[in-house]
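J.: Quick one: structure below, then a few questions.
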Amino acid sequence: MKREILKTTLVAGILDIFGAFAQNYVARKTPPDIILRYIASGLFGKTAFTGGALYPLVGLLCHFLIVLACVVVYFKLFPRMQFLQKNIFLSALLVALIAWAVTTLLVVPLSKIGASSFELSAALTAIAILFFCIGLPIAFFTRQYFKPPATDQYRH
């Protein structure tokens, strides 16, 4: 299971960070290193926007740790909660909504970044990115891992 969790974390983490890079570049021409520094600023405050390459690397590590937490929780809940097994798209939406809510309502306000004002369009964009880049990969790989092996049964 550890290998599958790491693979899922890698895929979802890469998709999500590239989704964040693309969305922020298109919307505000913000380069990727600023996005990573913003993530690191949750730990270091405004200091993350100064200095060398350490802060973007810490931001990337923090990003992957958050994705890893999402993946581990989903992998642990999936076999215990039947409704997660019924529809991959609804499961992905649930993952996206929970990831958005936890990040927006808990992680960011408790960090050195602090809470920001709510903007519906920004929230919907973030949830859409989370759905495609985090929710779907996590739901898909988890389902694949727990799928019973196919059996070759011959009819007589």
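Here, each number is a calculation from the coordinates, and none is a lab measurement. Bear in mind that the values here come from a model prediction, so they are computed numbers and not experimental data. All Cβ positions, glycine included, derive from the backbone under ideal geometry; neighbour counts span all protein chains shown.
J.: Could you pull out the trypsin sites (Lys or Arg not before Pro) across segment 27-91 that fall in loop regions by DSSP (anything but H, G, I, E, B) with no more than 14 other Cβ atoms inside 10 Å? Provide the component values of the computation, followed by the final result.
T.: On the way: sites: Arg28, Lys29, Arg37, Lys46, Lys76, Arg80, Lys86; in loops: Lys29.
Passing sites in segment 27-91 are Lys29.
J.: With springs only between Cα atoms under 10 Å apart, run a GNM on the chain and tell me which of Leu90, Leu110, Leu120 wobbles the most.
T.: Among Leu90, Leu110, Leu120, the largest mean-square fluctuation in the Gaussian network model of the chain belongs to Leu120.
J.: For segment 134-142, just list the computed ³J(HN,Hα) in residue order, Karplus coefficients 6.51, -1.76 and 1.60, θ = phi - 60°, integers in Hz, with x standing in for Gly and Pro.
T.: 10, x, 5, x, 5, 5, 5, 5, 5
J.: For the pair Phe83/Ile98, report the inter-label distance in nm, with labels modelled 7 Å from Cα in the Cβ direction.
T.: 1.1
J.: ³J(HN,Hα) across segment 4-21 via Karplus (A = 6.51, B = -1.76, C = 1.60, θ = phi - 60°), whole Hz, x for Gly/Pro?
T.: 5, 5, 5, 4, 5, 4, 5, 5, 5, x, 5, 4, 5, 5, 5, x, 5, 4
J.: Treating the beta-carbon of each Lys and Arg as +1 and of each Asp and Glu as -1, no other charges, what is the dipole magnitude of the chain about its Cα centre, to the nearest 20 debye? Display every interim value, and only then the final one.
T.: Values: 14 positive and 5 negative charges, 59 e Å.
The dipole magnitude comes to about 280 debye.
J.: Here is a follow-up. Would you please name the chymotrypsin sites (Phe, Trp or Tyr not before Pro) within segment 58-156 that are DSSP coil residues with at most 15 other C-beta atoms within 10 Å of their C-beta? Can you show the working numbers first?
T.: Numbers: sites: Phe64, Tyr74, Phe75, Phe83, Phe89, Trp100, Phe118, Phe131, Phe132, Phe140, Phe141, Tyr145, Phe146, Tyr154; in loops: Phe118, Tyr154.
Answer by residue number: Phe118, Tyr154.
J.: For Rg/Rh (Cα atoms, Kirkwood Rh), several values are listed as (i) 1.06; (ii) 1.02; (iii) 0.93; flag the one computed from this structure.
T.: Looking at Rg/Rh (Cα atoms, Kirkwood Rh) for this model, the match is (i).
J.: Report, in deg cm²/dmol and to the nearest 500, the calculated mean residue ellipticity at 222 nm for the chain, where each DSSP H run with n ≥ 4 adds -39500 (n - 2.57) and the sum is divided by the residue count. Can you show the working numbers first?
T.: Working: 7 runs with 106 residues, N = 156.
Helix-only estimate at 222 nm: -22500 deg cm²/dmol.
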